[in-house]
Structure formats: structure tokens, C-alpha cells
Amino acid sequence: MKCLIWNMIVGSKVTLREKRLADAWDNYTWEADPELAELDAAPTVAIAFSQYQSNYANELHDSLPSNYRFAIDTLDGKHIGNCSYYHISKTKGEAELGIIIGNRDYWNNGYGTDAVTTLVNHIFCQTNLNLIYLKTLESNTRAQKCFQKCGFTPCEHLTKDKFSFVLMEIYREQWQERQTKS
């Protein structure tokens, strides 16, 4: 059972919590990792940690109301990744979801699946959104399997900035059906 406890969302393997300045070093090392950057279709971070930390502090302070970012912790409090939902359109009733498990020790052990499921449950329980979508690299089959396990279905292919993506989505109705089967 997933539930909201103060500013935390608790899943079966992870806790989603507000990001904090103490997370900056983990995020910096993940963004500087070429393999992780490639999986995210992003450039590696190319600034000193002191500048990164300053930028990170500003982002935490000036977060947008249409962007909800969370740190992913194990149940015993180890920071292993981040997730968010953003590009929120209340008029369309949709948002985009993003996730990274930056700590490789937690890959292929269900932490990503639990984080996505926990965030999707939170979104559909706490908002009026009817659609959550995401994009992942066509070559990232591990992520696609995770998202499908969480109820997302592939819906489109997209090429952007020389990258090929699979777009995936889940509608509130699909999520509700999954809830009644559980």
C-alpha cells in the first residue's frame, strides 16, 4: 500500500521525498556519469561541483509549480535516484514522468518499478490528471520493460535531437483497472 506521510510518499521498496541540498553530490556524480547521461539522452555535467551545488540550491528554491521533483530513497534512507512529474497541463489533464536510478547497486532489483508505481499512484490519487506519459530511448529496453510492468503502453515513436524515443502512456482508467485487479 502506497501512502503519503507528511512530505514523503512511501512505496513497498522506496520512499519518495522532497529533494534537498544534501542530495547535490549524488546528483552531480550521476549527471557526470557518461553511461547515465547516455541513458537520459543528456550531456554529462561539465562544471565544477561548487557551481553545480549553487545552481542546484537555486533550483530547489525556485521550483516551478508545474514541476514536482522527488528524491528516491530506499526504505532505510539511502538516496538512490530521482523522479518527477512535470509539463503539467491542467487543461489537458496530463503530465510527463521522469525517473533515474543513479545508484547502479539498485538496478534490476525492482526499485525503479516501485518508484514509478508509487509516483503514478500518488499522481492519480492526489491530482485530477487523467494521463501520464513519458519518453525513453528506443535502445533502453530495460526502462521500457519497467514502464510496461507499471502499466504504461507504448503509443508512438519520436525522433528529437538525433535521438529515437518510445513514447509511453497510462490513463487513469487503465490505472484504476489495475487497482481493482490487485
Name the residue that is surrounded by the most Cβ atoms within 10 Å (Cβ to Cβ), counting only residues in segment 138-182 that are part of a helix (DSSP H, G or I) and among the acidic types (Asp, Glu). Glu177
Take Asn130 and tell me if it is touching a Gly at 6+ places or on another chain (Cβ under 8 Å) and over 22 Å from Lys13 (Cβ atoms). yes
List every residue pair whose Cβ atoms lie under 6 Å apart, where the two residues are 6 or more positions apart in sequence or sit on different chains, the first residue falls within segment 103-122 and is on the phi < 0 side of the Ramachandran plot and of a type in the set (Val, Ile, Thr), and the second residue, located anywhere, is assigned to a helix (DSSP H, G or I) and at pLDDT 95 or above. Thr113/Cys146; Thr113/Lys149
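Table: residues versus (1) under 15 Å from the mean Cα position of the chain (by Cα); (2) hydroxyl-bearing (Ser, Thr, Tyr).
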| residue | (1), (2) |
| --- | --- |
| Val14 | yes, no |
| Asp23 | no, no |
| Glu38 | no, no |
| Ile72 | yes, no |
| Leu75 | no, no |
| Asn82 | yes, no |
| Tyr85 | yes, yes |
Would you mind stating whether Ala41 is of a type outside the set (Phe, Trp, Tyr), in contact with a strand residue (DSSP E or B) (Cβ under 8 Å, 6 or more places away or on another chain) and assigned to a loop (DSSP other than H, G, I, E, B)? yes
Could you look through segment 44-80, keep only residues that are acidic (Asp, Glu) and not in a loop (DSSP other than H, G, I, E, B), and pick out the one that is nearest to Asp105 (Cα to Cα)? Asp73
Regarding segment 130-137, can at least one residue be identified that is at pLDDT 95 or above and assigned to a loop (DSSP other than H, G, I, E, B)? yes
When residues of segment 75-96 are limited to those that are loosely packed, with under 15 Cβ neighbours inside 10 Å and among the polar types (S, T, N, Q), the one nearest to Phe165 (Cα to Cα): Ser89
Take Gly81 and tell me if it is within 16 Å of Arg17 (Cβ to Cβ), of a type in the set (Gly, Ala, Ser) and at pLDDT 95 or above. yes
Which of the residues that make up segment 10-51 are modelled with pLDDT of 95 or more, in contact with an Asp or Glu (Cβ under 9 Å, 6 or more places away or on another chain) and of a type in the set (Gly, Ala, Ser)? Gly11, Ser12
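The values are calculated or read from the model by the stated rules, or taken from the named source; none is laboratory data. Here the structure is a predicted model, which means the values were calculated and not measured. Cβ coordinates were reconstructed from backbone atoms using ideal geometry, including for glycine residues, and neighbour counts include every protein chain displayed.
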